[in-house]
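Following: one structure in structure tokens, then a few remarks.
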Amino acid sequence: MSSHRIEQKGRIDRSQVLTFRFDGQRYTGFEGDTLASALLANGVRVVARSFKYHRPRGVCNAWFDEPNAIFNVTLRARELPNCLATTTYLEEGMEARSVNAWPSAQNDLKAVLDFAHPMWSAGFYYKTFMWPNWHLFEPMIRRLAGLGKVSPDHYDDYVSNQRFAHCDTLVVGGGAAGIAAACAAADAGDDVVLVDDHRELGGGLFQQSEVEGHTPEDWIAGQRAAFEAAGGRVLVQTTAFGVFDHKMVGLVQNAGFGRAPRLWRMRTTRIILATGAVDRLMTFANNDRPGVLSLLGANEFLARYGVLVGREAVVLSNNSAGNQAAAVLAAAGMSIERVDARDANLKVLGSTVENALRLFDVLCFRYY
Amino acid sequence: MKRYSAFRLIREAATGNQGWVPAWRTPTPKSHYDAIVIGGGGHGLATAFYLAKNHAISDVAVIEKGWLGGGNTGRNTTAIRSNYFYPESAALYDFSVKLYEGLSKTLNYNVMFSQRGMLMLTHSEPDMEMATRQFNAMRINGIDAELLTAKQVQKIEPMLNFRSDARHPIHGGVLQPRGGTGRHDAVAWGYARAASALGVDIIQNCEVQSFITEAGRCVGVETSLGPIRANVLGASVAGHSSVLAELAGFELPIISYTLQAFVSEPIKPVLNSVVLAPAFGTYASQSDKGGLVCGGGLDRVPSYAQRGNFPVQETVLSGLSEMFPALNKVKLLRHWGGIVDVTPDSSPIIGPSGVDGLFINCGWGTGGFKAIPAGGYLQAHLMATGSHHELSKPFDLSRFVSGHLIDEAASSGIPH
Ligand SMILES: Cc1cc2nc3c(=O)[nH]c(=O)nc-3n(C[C@H](O)[C@H](O)[C@H](O)COP(=O)(O)OP(=O)(O)OC[C@H]3O[C@@H](n4cnc5c(N)ncnc54)[C@H](O)[C@@H]3O)c2cc1C
């Protein structure tokens, strides 16, 4: 389909081709893709504009930690504002629009604001618009701000249903640590609930080629079966969003695009957080350019969706933990130049990012 | 103080933005000041500013245990209005609204006071009668007010639920056109910058731990940075007023509760005013950045924990989606709690604390952001002259002894 897809890789179903649009342009992806992975597979680099300067932005992470790829999405005559492209699973006929860009993210007229960027330094609005009166400027500023547009339509059935539940131990995060903790607690006789916000358990395990002699899929399936046999319950597509008084944990269970999520009030006696880690953005000039991604994001796009985010990459990290991740990408066909941020001059690096991105497709970073 | 202006922005832009300096100085505290203000929220900073500006007392320290505006000033939903019922309150709050109207220019700092209108909904004929009563009171008190039909309400806020199957159909409303919102951080920072320029020392990360008293008079404070003395002291510490009072050896008729607020992801403009629906216990506006800002009632149990509980969140947010069904597809971005200082009559306490040399300004509870300019102005008057300004006299602590309460709880019905 495209040079960004890697055969055999990913949790996608290549037999089911899905058609969708982004900013009016038609693309295809596969069942199991997110909007973001499908766009990356199609080589789409600019997916958004920054809030204030309207600088071009690309997909940067693979899951909830994505700051850029935010779309208004319409499906079955239902439009939802500000959907995160990295957590919105692709469906046939989806129509995605970039937000706060006109007419499109690729060609945004409001990018003229960037030319005068020295005038819009941090907090500039506290220093002006006072004379003759703030009310003269406010309407224009309000229209420039804000991300997605909210349609005035009221969807009658967009109503959350609610569940009240109890357990002894709630495990948040279904990666290796969460699965192990949940199994151990269930084996010890606890009533255990394991929640994960992805569609399936596994967390970062899909990046591994094998787990205890099995493929990650087989290992996860085996653990899940044993866990459920011991009485454990699994909730996927479910995010724990808060711990309230008396250890009541709020859970929100995604019901699919266009349906209101379900709210769970889970009362528990023990909470185990096994929510893994995310890469932190490295600070260097121009680190927001399209093509600059987190290393974790690049690995996830490969492992879950079979998407290689670039053919030639600079991998930048300030620790040795990037090595294995980079090796996985290399094995999938990425040619990699390693840079250790502890030796690199970030100032020089920043100014050469633009050049680097001309020579390489992407720059991946890992920072602890 | 180098003035802020569009011209300055252009000049700085042309020269690489190298000329900006910190908005306020960060001095080390001296051992003695003419006046000490405890609490670096809006009220404390405004007090310091007006001490310097109105009373030429600029040897002042503002002592803040955390960062400026880290209390309720940085946690509130920024509704500004003066639609109160009793003449004393109307006079006080409208004085504040008037100061707000000129504040950006007074401080040379854009506090973005946006007079987009404060709209209170009614849902029935009896509701409408109560609204008319409020409208009449406001008019008698000289405050702008308009009584609206459902059609007029719809014109202001078309997103409201006007469907025939609405659980609480909208009957009409009362509007205060001069009401609106302001930018909360800007109010704190603007006062801080202007006060600092007049010579006020702003001391952050410095906690008042006890009071120094000599011959029955309060002459200073022990802080985490050592003792600091002054001729006169004023405290504006909102939810922690009772804690401070205990240190000073007196009691306040105040109960502290958590009040929560919520902000959604940024969206293009959909709300035009500040809308309050007493039937749902929810009010909302939209910030200039695009987030829906909403709030509701107090958490049910007294607390000093700056975090919220779930039942109140559910009440407020289900109220929001009843009011604006089309907005239930919008996701929440952040929510938080602040500790508010509630008095038995829901009116503030301004005046002598009972301990010589120490004045208090507190009890603003759920609605003191709108009163920051007035609170600071009146507290400065007290500290400088030792006696009440006409406007603050009715709000003296002694009203809880004499029984002259100003019971606004019944008239407002909801915090904001
Ligand atoms: C969620 C919420 C929504 C609100 N909405 C509105 C609204 O829409 N409109 C409105 O008008 N009002 C509203 N309010 C009320 C309003 O925020 C407050 O009344 C107002 O900000 C009080 O200002 P302040 O300066 O007195 O207190 P604060 O801003 O709380 O400042 C007090 C300061 O004192 C400091 N302090 C405390 N103890 C010490 C110590 N021992 N030593 C040194 N420093 C100390 C604290 O750190 C704090 O910074 C709301 C409040 C909350 C919590």
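Nothing in this text is a laboratory measurement; each read-out follows from the coordinates by a stated rule. On a predicted model such as this, the values are computed, not experimentally measured, just so you know. Backbone-built Cβ (ideal geometry, glycine too); neighbour counts: all protein chains shown.
Points to keep in mind about this one:
- Neighbour net charge for A:A321 - beta-carbon separation under 11 angstrom, K R +1, D E -1: 0
- Per-residue mean of C-beta atoms belonging to partner chains within 10 Å, peptide A:129-139: 5
- The magnitude of the dipole of the protein assembly as shown, with charges of +1 and -1 set on the Cβ of Lys/Arg and Asp/Glu and taken from the Cα centre, is near 2080 debye.
- Compared with the dominant Cα axis of chain B, that is its longest principal axis, helix B:310-323 is turned about 50°.
- Backbone N atoms of the range A:111-139 closer than 19 Å to the 7 Å Cα→Cβ label point of B:L333 belong to residues A:121-126, A:138-139.
- Summed side-chain charge close to B:V111 - residues other than B:V111 whose Cβ falls under 11 Å, Lys, Arg +1, Asp, Glu -1: 0
- DSSP-defined beta bridges in the range A:159-273 - what % are antiparallel, rounded to 5: 45 percent
- Here the relative contact order of the range A:13-157, from alpha carbon pairs under 8 Å that lie six or more residues apart, stands at 24 percent.
- Shown in residue order for the range A:48-53 are the 3J(HN,Hα) couplings computed by the Karplus curve 6.51 cos²θ - 1.76 cosθ + 1.60 at θ = phi - 60°: 7, 10, 6, 4, 10, 8 Hz (x for Gly and Pro).
- Of A:K149/B:K155; B:K53/B:K370; A:K247/B:K331; B:K98/B:K393; A:K9/A:K110; B:K98/B:K151, those spanning more than 28 Å from alpha-carbon to alpha-carbon: A:K9/A:K110; B:K98/B:K151
- Pairwise centroid distance, computed over Cα atoms, of the range A:55-89 with the range B:181-228, Å: 45 Å
- Normalised convex hull volume, the range A:159-273, alpha-carbon set, Å³ per residue: 98 Å³
- Cut-off 11 Å between beta-carbons: net charge of the residues surrounding B:A79, Lys and Arg +1, Asp and Glu -1: +3
- At most 15 other Cβ within 10 Å, DSSP loop - trypsin sites (Lys or Arg not before Pro), the range B:112-214: B:R163, B:R167
- Cβ-Cβ distance of A:S151 and A:A116, R₀ of 35 Å, FRET efficiency by 1/(1 + (r/R0)^6): the value works out to about 0.60.
- Residues in the range B:233-251 that a label on B:A215 would reach, taking backbone N under 18 Å of a point 7 Å out along Cα→Cβ: B:233
- Less than 5 angstrom separates the built amide H of A:G148 from those of A:N82, B:K268, all sequence-distant by 5 or more or on a different chain.
- Computed from the Cα positions only, the extents of the range B:345-414 along the three principal axes stand at 35, 28, 19 Å, in decreasing order.
- Amide H within-cut-off set for A:A48, under 5 Å, with H built and near neighbours excluded: A:R57
- All distinct Cα pairs of chain A go into the 1/r average, and the inverse of that average, the Kirkwood radius, is 22.4 Å.
- Its DSSP H runs of at least 4 residues, each contributing -39,500 (n - 2.57), put the calculated 222 nm mean residue ellipticity of chain A at -6500 deg cm²/dmol, to the nearest 500.
- Computed over chain A, relative contact order equals 18 percent, with contacts defined as Cα pairs under 8 Å that lie 6+ residues apart.
- Extension reserve of the B:I140-B:V243 stretch, reckoned as 0.36 nm per residue once the Cα distance is removed: 33.2 nm
- Between A:A277 and B:R25, the FRET efficiency estimated from the beta carbon spacing at R0 = 56 angstrom works out to 0.90.
- At 1.002 mPa s and 20 °C, Stokes D of the protein assembly as shown from Kirkwood alpha-carbon radius, µm² per second: 74 µm²/s
- Per residue, chain B reaches -9000 deg cm²/dmol at 222 nm when only DSSP H runs of four or more residues are counted, each adding -39500 (n - 2.57).
- Net length available on complete extension from A:R76 to A:R21 is 18.4 nm, with 0.36 nm assigned per residue and the Cα-Cα distance removed.
- Separation between Cα centres of the range B:382-411 and the range B:242-302, rounded to whole Å: 24 Å
- Principal-axis analysis of the Cα atoms of chain B puts helix B:184-197 at an angle of about 20° to the longest axis.
- Under the simplified labelling scheme, the A:A229-A:R259 pair shows an inter-label distance of 3.0 nm, with each label point 7 Å from Cα along Cα→Cβ.
- Pairwise Cα inverse-distance average, inverted: Kirkwood Rh of the range A:13-157 (Å): 16.6 Å
- Computed from the Cβ-Cβ distance with R0 of 41 Å, the FRET efficiency linking A:R338 to B:Q18 stands at 0.65.
- When both bridge partners sit in the protein assembly as shown, DSSP labels roughly 60% of those beta bridges antiparallel.
- When chain A is treated as a Gaussian network with alpha carbon springs shorter than 10 Å, the biggest mean-square fluctuation among A:V44, A:V150, A:V292 belongs to A:V150.
- Tail beyond 31 Å, pair distance distribution of chain B (Cα, percent): 38 percent
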